[in-house]
């Protein structure tokens, strides 16, 4: 599988965070599954035109949250145990998207609603 990631260097979001969020989105959407290999740090950095340290930081942050694991011989792979709760949340997200589209909301409006809910905090 070819990992589709883009970095907008003009964005206010740091490049490592853009990479982290996009990999996480691929895992959450099921486009990356447990055991799938991510590109090497060097290869992804070259493809994106960013420093290797930028990709390494994204991978480290993904590893610290258990989304990926890195081993010497296998490289960086999607970790076991990342799909249980995510399957439930993916189903909820699918329902949200269907309901929003049925109500005529644009994708950006749905994202704004989710961001607002995240900013409101627990509750």
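Every number here is computed from the coordinates shown, using simple stated rules; none is lab data. Keep in mind the model is a prediction, meaning the values are calculated, not measured. Cβ placement follows ideal geometry from the backbone for every residue including glycine, while neighbour counts extend to all protein chains displayed.
Results, tabulated for the structure shown:
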quantity: Estimated translational D of region 1-54 in µm²/s (Stokes, Kirkwood radius over Cα pairs; 25 °C; 0.890 mPa s); calculated: 211 µm²/s
quantity: Size descriptor, Kirkwood hydrodynamic radius, that averages inverse alpha-carbon separations across the chain, Å; calculated: 15.8 Å
quantity: Ranked by how many other beta carbons lie within 10 Å on average, peptides 52-62, 38-48 from highest; calculated: 52-62, 38-48
